[in-house]
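> Supplied in C-alpha coordinates, the structure appears directly below.
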Amino acid sequence: MNKNIKILEEQLNYKFKDKSLIIEALTHKSYKQPYDNERLEFLGDAVLDLIVGEYLFVKFRKSDEGKLSKIRASLVNETGFDKLARALSLGDYILLSNAEENNGGREKSSLLSNAFEAVMGAIYLEAGLDIVSKIAIDLIESNHDEISLDSLFRDFKTTLQELTQARFGITPEYRVLSSRGPDHLKEFEVGVFIEGREYARALGKSKKIAQQESAEVAVKMLKEEK
(Lines give C-alpha, C1' and ligand atoms only; values in the text may rest on other atoms or scores of the structure.)
Protein backbone atom coordinates (compact mmCIF):
# COMPACT_ATOMS: atom_id res chain seq x y z
CA MET A 1 0.00 0.00 0.00
CA ASN A 2 1.69 3.20 -1.21
CA LYS A 3 -0.14 5.69 1.00
CA ASN A 4 -1.02 5.89 4.66
CA ILE A 5 -4.63 4.85 5.29
CA LYS A 6 -5.09 8.00 7.43
CA ILE A 7 -4.95 10.16 4.28
CA LEU A 8 -7.79 8.15 2.74
CA GLU A 9 -9.79 8.44 5.96
CA GLU A 10 -9.33 12.23 5.87
CA GLN A 11 -10.59 12.35 2.28
CA LEU A 12 -13.60 10.23 3.22
CA ASN A 13 -14.13 12.27 6.39
CA TYR A 14 -14.51 8.96 8.21
CA LYS A 15 -12.18 7.13 10.59
CA PHE A 16 -12.48 3.35 10.79
CA LYS A 17 -12.69 1.89 14.27
CA ASP A 18 -11.95 -1.59 12.85
CA LYS A 19 -8.94 -1.16 10.53
CA SER A 20 -9.31 -4.73 9.30
CA LEU A 21 -12.51 -3.67 7.52
CA ILE A 22 -10.83 -1.02 5.37
CA ILE A 23 -7.88 -3.35 4.71
CA GLU A 24 -10.30 -6.02 3.48
CA ALA A 25 -12.09 -3.45 1.31
CA LEU A 26 -8.78 -2.55 -0.34
CA THR A 27 -7.52 -6.11 -0.85
CA HIS A 28 -7.79 -7.39 -4.42
CA LYS A 29 -8.23 -11.14 -4.90
CA SER A 30 -4.83 -11.34 -6.62
CA TYR A 31 -3.12 -10.44 -3.33
CA LYS A 32 -3.61 -14.03 -2.10
CA GLN A 33 -4.94 -13.45 1.40
CA PRO A 34 -7.60 -15.54 3.23
CA TYR A 35 -9.92 -12.61 2.42
CA ASP A 36 -10.49 -10.13 -0.43
CA ASN A 37 -12.86 -7.27 -1.18
CA GLU A 38 -15.41 -9.13 -3.31
CA ARG A 39 -17.97 -9.68 -0.52
CA LEU A 40 -17.77 -6.03 0.58
CA GLU A 41 -18.03 -5.01 -3.08
CA PHE A 42 -21.26 -7.03 -3.34
CA LEU A 43 -22.65 -5.29 -0.26
CA GLY A 44 -21.48 -1.83 -1.35
CA ASP A 45 -23.13 -2.23 -4.74
CA ALA A 46 -26.51 -2.86 -3.10
CA VAL A 47 -26.03 -0.04 -0.58
CA LEU A 48 -25.08 2.51 -3.28
CA ASP A 49 -28.06 1.45 -5.38
CA LEU A 50 -30.33 2.28 -2.42
CA ILE A 51 -28.54 5.51 -1.48
CA VAL A 52 -28.61 6.93 -5.00
CA GLY A 53 -32.17 5.70 -5.53
CA GLU A 54 -33.38 7.56 -2.43
CA TYR A 55 -31.35 10.65 -3.33
CA LEU A 56 -32.91 10.85 -6.80
CA PHE A 57 -36.39 10.05 -5.46
CA VAL A 58 -36.18 13.13 -3.23
CA LYS A 59 -34.34 15.38 -5.71
CA PHE A 60 -36.54 14.71 -8.76
CA ARG A 61 -40.01 14.55 -7.23
CA LYS A 62 -41.87 14.80 -10.56
CA SER A 63 -39.90 12.16 -12.46
CA ASP A 64 -41.45 8.76 -13.13
CA GLU A 65 -39.92 5.36 -12.31
CA GLY A 66 -38.51 4.82 -15.80
CA LYS A 67 -36.66 8.12 -15.85
CA LEU A 68 -35.40 7.71 -12.27
CA SER A 69 -34.04 4.25 -13.15
CA LYS A 70 -32.15 5.63 -16.14
CA ILE A 71 -30.73 8.53 -14.15
CA ARG A 72 -29.60 6.13 -11.41
CA ALA A 73 -27.99 3.88 -14.02
CA SER A 74 -25.99 6.88 -15.27
CA LEU A 75 -24.49 7.31 -11.78
CA VAL A 76 -24.37 3.77 -10.39
CA ASN A 77 -22.04 2.13 -12.87
CA GLU A 78 -18.38 1.32 -13.45
CA THR A 79 -17.63 4.67 -15.10
CA GLY A 80 -19.27 6.64 -12.30
CA PHE A 81 -17.57 4.73 -9.50
CA ASP A 82 -14.23 4.77 -11.31
CA LYS A 83 -14.47 8.58 -11.33
CA LEU A 84 -15.16 8.67 -7.57
CA ALA A 85 -12.36 6.16 -6.87
CA ARG A 86 -9.89 8.34 -8.79
CA ALA A 87 -11.03 11.43 -6.87
CA LEU A 88 -9.97 9.56 -3.71
CA SER A 89 -6.73 8.28 -5.35
CA LEU A 90 -8.01 4.84 -4.36
CA GLY A 91 -5.62 3.08 -6.72
CA ASP A 92 -2.71 4.13 -4.48
CA TYR A 93 -4.13 2.16 -1.54
CA ILE A 94 -5.24 -1.10 -3.15
CA LEU A 95 -3.33 -4.26 -2.21
CA LEU A 96 -2.42 -6.12 -5.41
CA SER A 97 -0.18 -8.95 -6.51
CA ASN A 98 3.01 -7.93 -8.32
CA ALA A 99 1.65 -9.44 -11.52
CA GLU A 100 -1.58 -7.41 -11.32
CA GLU A 101 0.37 -4.28 -10.47
CA ASN A 102 2.69 -4.79 -13.45
CA ASN A 103 -0.40 -5.25 -15.62
CA GLY A 104 -1.60 -1.74 -14.75
CA GLY A 105 -4.08 -2.90 -12.11
CA ARG A 106 -4.07 0.40 -10.24
CA GLU A 107 -5.45 2.13 -13.34
CA LYS A 108 -8.09 -0.45 -14.28
CA SER A 109 -11.59 1.05 -14.19
CA SER A 110 -13.20 -2.22 -13.11
CA LEU A 111 -10.75 -2.73 -10.25
CA LEU A 112 -11.10 0.89 -9.03
CA SER A 113 -14.89 0.78 -9.28
CA ASN A 114 -15.03 -2.49 -7.32
CA ALA A 115 -12.74 -1.08 -4.61
CA PHE A 116 -14.94 2.00 -4.25
CA GLU A 117 -18.02 -0.20 -3.78
CA ALA A 118 -16.13 -2.29 -1.21
CA VAL A 119 -15.07 0.79 0.77
CA MET A 120 -18.67 2.02 0.85
CA GLY A 121 -19.77 -1.47 1.95
CA ALA A 122 -17.21 -1.39 4.76
CA ILE A 123 -18.40 2.01 6.01
CA TYR A 124 -22.01 0.80 5.90
CA LEU A 125 -21.15 -2.29 7.98
CA GLU A 126 -19.38 -0.26 10.64
CA ALA A 127 -21.36 2.99 10.74
CA GLY A 128 -24.75 2.32 9.15
CA LEU A 129 -26.78 3.77 6.32
CA ASP A 130 -26.98 7.43 7.40
CA ILE A 131 -23.21 7.86 7.63
CA VAL A 132 -22.33 6.08 4.39
CA SER A 133 -25.16 7.89 2.61
CA LYS A 134 -23.73 11.30 3.54
CA ILE A 135 -20.23 10.28 2.46
CA ALA A 136 -21.39 8.82 -0.87
CA ILE A 137 -23.69 11.74 -1.78
CA ASP A 138 -21.02 14.31 -0.84
CA LEU A 139 -18.58 12.51 -3.16
CA ILE A 140 -21.11 12.29 -5.99
CA GLU A 141 -22.13 15.94 -5.72
CA SER A 142 -18.55 17.22 -5.49
CA ASN A 143 -17.43 15.20 -8.54
CA HIS A 144 -20.29 16.03 -10.90
CA ASP A 145 -20.41 19.58 -12.27
CA GLU A 146 -24.19 19.49 -12.17
CA ILE A 147 -26.71 16.88 -11.09
CA SER A 148 -29.79 17.69 -13.14
CA LEU A 149 -32.12 15.87 -15.47
CA ASP A 150 -30.42 17.47 -18.46
CA SER A 151 -26.91 16.48 -17.42
CA LEU A 152 -27.74 12.97 -16.21
CA PHE A 153 -30.54 11.81 -18.46
CA ARG A 154 -28.51 11.61 -21.65
CA ASP A 155 -29.08 8.54 -23.75
CA PHE A 156 -28.01 9.73 -27.18
CA LYS A 157 -28.29 6.27 -28.75
CA THR A 158 -32.02 6.18 -27.98
CA THR A 159 -32.47 9.76 -29.21
CA LEU A 160 -30.60 8.99 -32.43
CA GLN A 161 -32.63 5.83 -33.05
CA GLU A 162 -35.88 7.76 -32.63
CA LEU A 163 -34.65 10.42 -35.07
CA THR A 164 -33.47 7.98 -37.75
CA GLN A 165 -36.60 5.84 -37.55
CA ALA A 166 -38.78 8.92 -37.95
CA ARG A 167 -36.74 10.40 -40.77
CA PHE A 168 -35.35 7.37 -42.65
CA GLY A 169 -37.38 4.45 -41.35
CA ILE A 170 -34.20 2.63 -40.25
CA THR A 171 -31.99 2.28 -37.17
CA PRO A 172 -28.37 3.52 -37.08
CA GLU A 173 -25.45 1.10 -37.35
CA TYR A 174 -22.41 1.30 -35.07
CA ARG A 175 -19.06 -0.02 -36.28
CA VAL A 176 -15.80 -0.35 -34.33
CA LEU A 177 -13.31 1.39 -36.63
CA SER A 178 -10.22 0.80 -34.53
CA SER A 179 -8.91 0.04 -31.05
CA ARG A 180 -5.62 1.04 -29.50
CA GLY A 181 -3.60 0.86 -26.31
CA PRO A 182 -2.80 -1.92 -23.82
CA ASP A 183 -5.65 -3.96 -22.30
CA HIS A 184 -5.88 -1.85 -19.13
CA LEU A 185 -5.97 1.42 -21.11
CA LYS A 186 -7.89 0.30 -24.19
CA GLU A 187 -9.53 2.96 -26.33
CA PHE A 188 -12.11 2.27 -29.03
CA GLU A 189 -13.04 4.36 -32.06
CA VAL A 190 -16.64 3.83 -33.12
CA GLY A 191 -18.41 5.23 -36.15
CA VAL A 192 -22.18 5.62 -36.54
CA PHE A 193 -23.63 4.98 -40.01
CA ILE A 194 -27.07 5.85 -41.37
CA GLU A 195 -28.03 4.43 -44.76
CA GLY A 196 -24.38 3.51 -45.28
CA ARG A 197 -23.15 7.06 -44.69
CA GLU A 198 -20.83 7.75 -41.79
CA TYR A 199 -22.30 10.58 -39.74
CA ALA A 200 -19.85 10.67 -36.86
CA ARG A 201 -17.05 8.88 -35.06
CA ALA A 202 -15.77 9.10 -31.49
CA LEU A 203 -13.27 7.61 -29.06
CA GLY A 204 -14.13 6.01 -25.72
CA LYS A 205 -12.70 3.82 -22.95
CA SER A 206 -15.33 1.24 -23.90
CA LYS A 207 -17.40 0.50 -27.00
CA LYS A 208 -20.55 1.68 -25.20
CA ILE A 209 -19.02 5.03 -24.27
CA ALA A 210 -17.72 5.54 -27.83
CA GLN A 211 -21.17 4.66 -29.22
CA GLN A 212 -22.82 7.26 -26.95
CA GLU A 213 -20.27 9.91 -27.92
CA SER A 214 -20.66 9.26 -31.65
CA ALA A 215 -24.46 9.19 -31.29
CA GLU A 216 -24.37 12.61 -29.59
CA VAL A 217 -22.47 14.11 -32.55
CA ALA A 218 -24.83 12.43 -35.05
CA VAL A 219 -27.91 13.78 -33.21
CA LYS A 220 -26.53 17.34 -33.50
CA MET A 221 -25.81 16.83 -37.22
CA LEU A 222 -29.29 15.51 -37.96
CA LYS A 223 -30.93 18.37 -36.08
CA GLU A 224 -28.84 20.89 -38.06
CA GLU A 225 -29.78 19.19 -41.36
CA LYS A 226 -33.49 19.45 -40.60
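> So which of Glu54, Glu38 is in contact (Cβ under 8 Å) with a residue 60 or more places away in the chain and touching a helix residue (DSSP H, G or I) at 6+ places or on another chain (Cβ under 7 Å)?
Exactly one of Glu54, Glu38 is in contact (Cβ under 8 Å) with a residue 60 or more places away in the chain and touching a helix residue (DSSP H, G or I) at 6+ places or on another chain (Cβ under 7 Å), namely Glu38.
> Let me ask you something else. For the stretch 91-105, state whether one or more residues are in a helix (DSSP H, G or I), within 16 Å of Ala136 (Cβ to Cβ), touching a helix residue (DSSP H, G or I) at 6+ places or on another chain (Cβ under 6 Å) and touching a residue at least 60 places away in the same chain (Cβ under 8 Å).
No; the residues of the stretch 91-105 include none that is in a helix (DSSP H, G or I), within 16 Å of Ala136 (Cβ to Cβ), touching a helix residue (DSSP H, G or I) at 6+ places or on another chain (Cβ under 6 Å) and touching a residue at least 60 places away in the same chain (Cβ under 8 Å).
> Output the residue which, of all residues in the stretch 47-90 that are of a type in the set (Lys, Arg) and either surrounded by fewer than 18 Cβ atoms within 10 Å (Cβ to Cβ) or touching a strand residue (DSSP E or B) at 6+ places or on another chain (Cβ under 8 Å) (or both), is farthest from Leu139 (Cα to Cα).
Lys62
> Quick check: is even one residue across the stretch 176-190 buried (at least 20 other Cβ atoms within 10 Å of the Cβ), at pLDDT 90 or above and not assigned by TED's automatic domain parsing to the domain that holds Leu48?
Yes: the stretch 176-190 contains one or more residues that are buried (at least 20 other Cβ atoms within 10 Å of the Cβ), at pLDDT 90 or above and not assigned by TED's automatic domain parsing to the domain that holds Leu48.
The values are calculated or read from the model by the stated rules, or taken from the named source; none is laboratory data. Treat the numbers as computed from the prediction; the structure is a model and nothing was measured. Neighbour counts run over all protein chains shown; Cβ positions are idealised from the backbone, glycine included.
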